[in-house]
1. Taking springs between alpha-carbon atoms closer than 10 angstrom, which of F:THR58, F:THR97, F:THR49 fluctuates most in the Gaussian network model of chain F?
2. Assuming R0 = 45 Å, can you tell me the calculated FRET efficiency for the pair B:LEU66 and D:ASN65, based on Cβ-Cβ distance, to the nearest 0.05?
3. Per DSSP H run of n ≥ 4, the term is -39500 (n - 2.57); total these for the protein assembly as shown, divide by its residue number, and report the mean residue ellipticity at 222 nm rounded to 500 deg cm²/dmol.
4. Provide a list, ordered by number, of residues in the range A:1-27 showing at least 20 Å² less accessible area with every protein chain present than when their chain is taken on its own, using a 1.4 Å probe.
5. What gaps in nm, shortest first, separate E:PRO20 from its twins in the other copies when you place the label 7 Å past Cα toward the beta carbon?
6. Dipole size in debye (nearest 20) for the range E:2-140 around its Cα centre, Lys and Arg Cβ +1, Asp and Glu Cβ -1?
7. Rounded to the nearest 100 Å², what is the buried accessible area between F and E, both sides summed, probe 1.4 Å?
8. Within a 10 angstrom radius of each residue's Cβ in B:75-85, how many Cβ atoms of other chains show up on average? Whole number is fine.
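The values are calculated or read from the model by the stated rules, or taken from the named source; none is laboratory data. Please read all numbers here as calculations on a predicted model, not as lab measurements. Please note: Cβ atoms are built from the backbone with ideal geometry, for glycine as well, and neighbour counts cover all protein chains shown. Note: accessible area is taken over every heavy atom of the protein model, side chains too, but ligands, DNA and RNA are not part of it. Shrake-Rupley method; radii C 1.70, N 1.55, O 1.52, S 1.80 Å.
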There are 6 protein chains.
Amino acid sequence: MTVHLSRKYGFFAAHRLHAPGLSDEANRALYGKCNNPNGHGHNYEVEVTVAGKVDPVTGRSIDLNLLDALCEQQILAPFRYRNLNKEVAEFLTGNPTTENLATVVDDRLRAVWNEWFSAAGPKLEKIRIWETERNICQVEGQGRTQHES
Amino acid sequence: MTVHLSRKYGFFAAHRLHAPGLSDEANRALYGKCNNPNGHGHNYEVEVTVAGKVDPVTGRSIDLNLLDALCEQQILAPFRYRNLNKEVAEFLTGNPTTENLATVVDDRLRAVWNEWFSAAGPKLEKIRIWETERNICQVEGQGRTQHES
Amino acid sequence: MTVHLSRKYGFFAAHRLHAPGLSDEANRALYGKCNNPNGHGHNYEVEVTVAGKVDPVTGRSIDLNLLDALCEQQILAPFRYRNLNKEVAEFLTGNPTTENLATVVDDRLRAVWNEWFSAAGPKLEKIRIWETERNICQVEGQGRTQHES
Amino acid sequence: MTVHLSRKYGFFAAHRLHAPGLSDEANRALYGKCNNPNGHGHNYEVEVTVAGKVDPVTGRSIDLNLLDALCEQQILAPFRYRNLNKEVAEFLTGNPTTENLATVVDDRLRAVWNEWFSAAGPKLEKIRIWETERNICQVEGQGRTQHES
Amino acid sequence: MTVHLSRKYGFFAAHRLHAPGLSDEANRALYGKCNNPNGHGHNYEVEVTVAGKVDPVTGRSIDLNLLDALCEQQILAPFRYRNLNKEVAEFLTGNPTTENLATVVDDRLRAVWNEWFSAAGPKLEKIRIWETERNICQVEGQGRTQHES
Amino acid sequence: MTVHLSRKYGFFAAHRLHAPGLSDEANRALYGKCNNPNGHGHNYEVEVTVAGKVDPVTGRSIDLNLLDALCEQQILAPFRYRNLNKEVAEFLTGNPTTENLATVVDDRLRAVWNEWFSAAGPKLEKIRIWETERNICQVEGQGRTQHES
């Protein structure tokens, strides 16, 4: 039986919403206070869900030490206490909306997933990000399949 | 890639569980204290989830100002600080169980969705309501399809 | 050494804010939507804090079974799933603001405290009520002393 | 229309992670402090989600009194204030990881589901367990179908 | 009887910890990642507690519309979606630690309190700020008395 | 001005309530399921509050790295993933009620406080422990004064 194991991590970061392809006026109209040039910040929460079979010996569907280390390397260390717009490669010319942030987290984990887990092992199933307790985005990685590229 | 964007809203309201088609005795047996004729109330939480493509210019899957305005008009303004049984049309002769409340919220948003968003735009995916942190109902709107009626 | 033991209880109830001594117009101006004649409701949380010495035999500052039974009798049974304005004696001609509700809870517990606990036993120290997570009132019972009246 | 009704329950229990098929050294390496022979514990949360049609008379998709009684009998009474490794049959020679615990909860409810609910009635859809707010497992019971065995 | 009424507000902001009187090296040693020059951010929560008598007519210890308007003017509008170091006067050459932020909030409210509430009215009692759910600071304004300066 | 800085830490542990000075029957009557010989467990939360002056150079009332290290050494490392009754010295023949646990935490921090902080530095003000979100104990250390023994 497949189980779905989720780990929830937190990090604090600053961001600013600004679409490079729009005028300053259009940006202000679209994002309001979130377009403030000096940025603001959040206590972000990221939930990583993996689908896997339960190993009959260990009783686990994934090696949690590995998952934690992978997330630390790919997401938490580069994002924690950072200004996303100024210090995270994908947002230097991008726009850290909740949607884009969820996609970047998903991409960063999928990009190296096969180096960390075997083809028969756990699959990355979905990413859920809380920017605030009232603003949430989930991606399920349909666009790119693990063990395929 | 499709993303799933959720917004969570809250409102305070009173309600009473009472099935018009049952005897008073049967109502008391079925709903217990929730059948109290004078009603009681809750701090309701409503999570609205939409599925959409991320716009490459804005980095967003939906115009959040529009979604907030739609929910304010259809759900929050008519429900906030109200007695659901006495002031919300669907419950004047109905029964505001968590299931029915979730269905009404879903219906109210779907009824006007096409007036607010284009056919190529975001889709209303599901409604999740917390009556309390321990009593929750989710509907996914299979009964009525957007852009079909 | 004195310790401060707190128990947190919850109940769901309806209420309406309306000052009997004011005109309808003044009530609407003062309480806004909370003055809606049909009422609304909340998931109330009540924290009862007692100060006491730790009994060296039991390791406890108060008999929690007694405290739970006292709160059930005086507060939870009469308030749970009720319309405070219509079913709680103090509010039939009163006004269930957070302040008045906290005071009523405090009064109801103090009124019978001496029948439940000995003079050398735990003291009722304070009541804290959350109407919502953002609206809170605390009373510390300075007005009426236990074991004095 | 099918709705998804969730009830969330809590219980406090002790457990120890230890794989009977591994050496003591391998256990320590795999589970770290969770392998401590004397055990530790958690405030577990269990969310039970059922899928069902809303009864037009009662406005409910499931009899909540029945669901609560079933969960009390099968899960809460046997697990509450227990040492899972020493007092729950499935873990006497097993390993109470979050995955195994979710599977056991799912099995225990499915094993008797047909005795409590009719074939046309609500279906057990998924179990979600929070060991902590950051460690969560969900099972959806694909392995065994209700009303089939 | 005096009651203690608390209102909790939230805002999102960026900040950077940096002591102007210390070398860059000392700053890095002292604040670690929080000294990152580009800043990071938080979902701040601010609880404002006032002490007052309950008005027998209104059942309230303070006019909540006034308190909300005061906090909006003095704290929320100037801090919301802002970079504290770059856009809040007190931190342009200061250091937005949790302690300093609590003090600034307290100062800003006390500075104009007498213009909003009468001398016989509610007193500002304490400010409590959550930078995260695990890092909290409370000030009780002993340094400056209302209705005295 | 004195500020009150709080840090909140969490640990998972098992315990059993049992008063050595009472009969088995009396223990069962007093503690109910909490007297289960095999123990159960909790996700404990501990809030440590210190009172201090804000250093004008650092903007801090206490060196948080020191406070974290002190709590790790005295509380978290010895309690985390432990069975309190079997592995924590004070409870080998004691009784880990919430009251006693709060007192032990307070004692352990006060016992070495002067080795970590100067006499002019921050004072340990109070300890608040959540055994569950509904069962809480606070001690304020009146029994033993810092910098006095």
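1. Of the options given, F:THR58 has the highest mean-square fluctuation.
2. For B:LEU66 and D:ASN65, the calculated efficiency is 0.60.
3. Numbers: 24 runs with 234 residues, N = 894.
Helix contribution divided over all residues of the protein assembly as shown: -7500 deg cm²/dmol.
4. A:MET1, A:THR2, A:VAL3, A:HIS4, A:LEU5, A:SER6, A:ARG7, A:LYS8, A:PHE12, A:ALA14, A:LEU22
5. Distances between equivalent label points, in nm: 3.5, 5.9, 5.9, 6.8, 6.9.
6. Working: 16 positive and 18 negative charges, 37 e Å.
Rounded to the nearest 20 debye, it is 180 debye.
7. On the way: alone 8540 and 8560 Å², together 15330 Å².
So the buried area, both faces added, is about 1800 Å².
8. That works out to 3 on average.
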